[in-house]
Amino acid sequence: MCGKIRYVLTTKPTHSTICHCSDCRRATGSQSVAWVSVPVEHFSISQGDVESYNSSPKVLRTFCSTCGTSLTYRHEEHSSGIDITTGSLDQPELFPPTKDIFCRDKLLWVTSSTKNVEN
């Protein structure tokens, strides 16, 4: 949001999802979160310093310490990949979601954004 953090993706995302899990909702204050995923070696911070916290024992999230924008998600059991908030991309419209995940946690008033739903 403030532009102090810049990052680079050196490959196209392997996944583009909408996550409805309660942890993502609480971490961002939103009804769901759009993510793009890449192998971790294809992601790097090119400007600024991110802050991080463990939102659960196996999950590390990063954010901008100035404006609070949520940036990334990494799960210990999937350490080869990193999820980046689609809304933080320069051109988020280029990466529409292809599936909804953790739909069992979806708020009742939210409709699915894709035809591919994973519970």
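The values are calculated or read from the model by the stated rules, or taken from the named source; none is laboratory data. Computed from a prediction, not measured in an experiment: that's the story for all the values here. FYI the Cβ positions are ideal-geometry reconstructions off the backbone, even for glycines, and counts take in every protein chain you see. When the accessible area is computed, the model is the full protein with side chains, heavy atoms only, and any ligands, DNA or RNA have been set aside. Shrake-Rupley method; radii C 1.70, N 1.55, O 1.52, S 1.80 Å.
Residues of the stretch 38-58 being touching a Lys or Arg at 6+ places or on another chain (Cβ under 9 Å), hydrophobic (A, V, I, L, M, F, W, C) and open to solvent by less than 50 Å² (accessible area, probe 1.4 Å), which ones?
Result: V38, V40.
Given (1) in contact with a Ser or Thr (Cβ under 9 Å, 6 or more places away or on another chain); (2) under 17 Å from R6 (Cβ atoms); (3) at pLDDT below 95, where does K106 come up short, assuming only one miss?
Answer for K106: the failing condition is (2).
Given (1) at pLDDT below 95; (2) crowded, with 16+ Cβ neighbours inside 10 Å, where does S16 come up short, assuming only one miss?
Result: S16 passes all but (1).
Yes/no per residue for (1) basic (K, R); (2) under 16 Å from P13 (Cβ atoms); (3) under 14 Å from the mean Cα position of the chain (by Cα):
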{"residue": "Y53", "(1), (2), (3)": "no, no, no"}
{"residue": "V59", "(1), (2), (3)": "no, no, yes"}
{"residue": "C64", "(1), (2), (3)": "no, no, yes"}
{"residue": "L71", "(1), (2), (3)": "no, yes, yes"}
{"residue": "I84", "(1), (2), (3)": "no, yes, yes"}
{"residue": "G87", "(1), (2), (3)": "no, yes, yes"}
{"residue": "E93", "(1), (2), (3)": "no, yes, no"}
{"residue": "T111", "(1), (2), (3)": "no, no, no"}
{"residue": "K115", "(1), (2), (3)": "yes, no, no"}
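Does any residue in the stretch 55-82 that is under 16 Å from D23 (Cβ atoms) and without any contact (Cβ under 8 Å) to a residue 40 or more places away in the chain come within less than 6 Å, Cβ to Cβ, of a residue that is assigned to a strand (DSSP E or B) and small (G, A, S) six or more places away or on a different chain, and which pairs are these?
L60/S52; R61/S55; T62/S52; F63/S70
Can you name every residue in the stretch 60-99 that is among the acidic types (D, E) and either exposed (fewer than 15 other Cβ atoms within 10 Å of the Cβ) or at pLDDT below 95 (or both)? Explain how you work it out, then say what you get.
Taking the stretch 60-99 first, the residues among the acidic types (D, E) are 76-77, 83, 90, 93.
Selection gives E76, E77, D90, E93.
Out of (1) closer than 24 Å to V117 by Cβ; (2) open to solvent by 30 Å² or more (accessible area, probe 1.4 Å); (3) among the aromatic types (F, W, Y), what's the single condition that is false for W35?
Tallying (1) closer than 24 Å to V117 by Cβ; (2) open to solvent by 30 Å² or more (accessible area, probe 1.4 Å); (3) among the aromatic types (F, W, Y), W35 fails exactly one: (2).
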